[in-house]
Amino acid sequence: YSQPAMAPEGRLADWRSRYPHQSNEGDQPSQWAKCGGEEVMNRNRYANVDPYQNNRVKLKVPEGHSDYINASPIVLEATKSKKITKFIATQGPKSDSFAHLWRMVWHETSSPAVIVMLTQTHESGREKCFQYYPRDPATPDLDLNPDDEFEDGFHHMLKLESLEESEEARAHIRELSMTSKDGDETKQIWHLLFGGWPDFLVPEGADRVALLKLVELSREKNLDNATNARIVHCSAGVGRSGTFIALDWLLQELEEGSLDTLEDDEDPIVAAVDMLRQQRMMMVQGETQFTFLYDVMRERWRDRWARLHPEEAEKLGVNIDEEPTAKKPRREMEV
Ligand code: PTR
Ligand code: PTR
């Protein structure tokens, strides 16, 4: 075996040819423009980002209404354990359709549900996401769908039960409850708002450590990642959301030991991004975020090997005492 091929420099050229539409130039018109009509287009925050037609979440609405929401189910299988992890990647809700997100949460998740929010509502003076949840403990109640948009009486209430700040994960943790109008059914929802990730960039330094904590936190709050999809969104639902999901999956691969014995031509990060892009477009935005995944994984990988028991290393065929050299690294990723 050799070390995981994790030298970003060499990979970037490959990345550019692999994903030519990844530069932020030239917005491509939505595939929905032709068939979805204005109603669908209005529900998109960005004209060039939408779910694949064959892999999208369909809102449960009465006939005659569009079931469209800009959200993609993401299902990932662990290499070794075959464990399934589920997500729904979605855009930052818009003011006139934010209740659709809650309808999706109600129908597509079990309790407790987890929502990971990776954007601020406003960044650089622009709205990146509507304030779709009760933010302030002084006004904890939010009436969803009071106008009964779909005329089916889905008229749930949202309540902010608690608000806590996690310094470790640099996040605001909100516990919400969603209750049907008759009060018969309630769902618990954890809303995790991350404060350290500007659009198109990557968390640096302490924010990077915090992001890893956030990944852990989102797993803990979701009692079964295999059956209950964690909802992840940013502004477009592709860049930061894609990177978060890739990271969650890669860390699990690392923990399971799947990244210890890679062949020369295997690159788990490219594989992860490919897998995500088969399920939602533009997942992991640009070279910065791609490189970020290498940086974080290199760091984690080194940690793992530093902790490895000699017996375990021998089983894997690794000489942990061998001096790393530039040409023949002992499974050490070059920095
Ligand atoms: N308070 C944290 C920090 O910046 O260090 C993170 C954070 C900031 C989290 C703002 C969420 C934030 O948004 P809001 O105030 O809308 O909950
Ligand atoms: N039209 C924008 C673009 O292509 O640049 C859409 C966009 C906006 C794409 C934000 C990604 C964005 O980042 P994120 O998915 O992290 O919110």
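Below are the figures for this structure:
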{"quantity": "Cα→Cβ-extended label distance, 7 Å offset, between Glu77 and Asp96, nm", "calculated": "4.2 nm"}
{"quantity": "Under 5 Å, built H, 5+ apart or other chain: amide partners of Lys83", "calculated": "Ala78"}
{"quantity": "Members of Lys80/Lys221; Lys128/Lys181; Lys128/Lys159; Lys60/Lys187 lying beyond 19 Å, as alpha-carbon distances in this model show", "calculated": "Lys80/Lys221; Lys128/Lys181; Lys128/Lys159"}
{"quantity": "Chain lengthening between Arg307 and Lys60 when straightened (0.36 nm per residue, less Cα-Cα)", "calculated": "84.1 nm"}
{"quantity": "Glu263-Met157 FRET efficiency (beta carbon distance; Förster radius 51 Å; 0.05 resolution)", "calculated": "0.40"}
{"quantity": "Extension gain from Arg219 to His107, taking 0.36 nm per residue of separation minus the Cα-Cα distance", "calculated": "38.3 nm"}
{"quantity": "Label-to-label distance, nm, for residues given as Arg208 and Ser166 (7 Å Cα→Cβ offset)", "calculated": "2.0 nm"}
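Quick note: the coordinates plus some simple rules give every number you see, no bench work behind them. Remember, predicted model here, so these are calculated numbers, not experimental data. Reconstructed Cβ throughout: ideal geometry from the backbone, glycine too, with neighbour counts over all protein chains shown.
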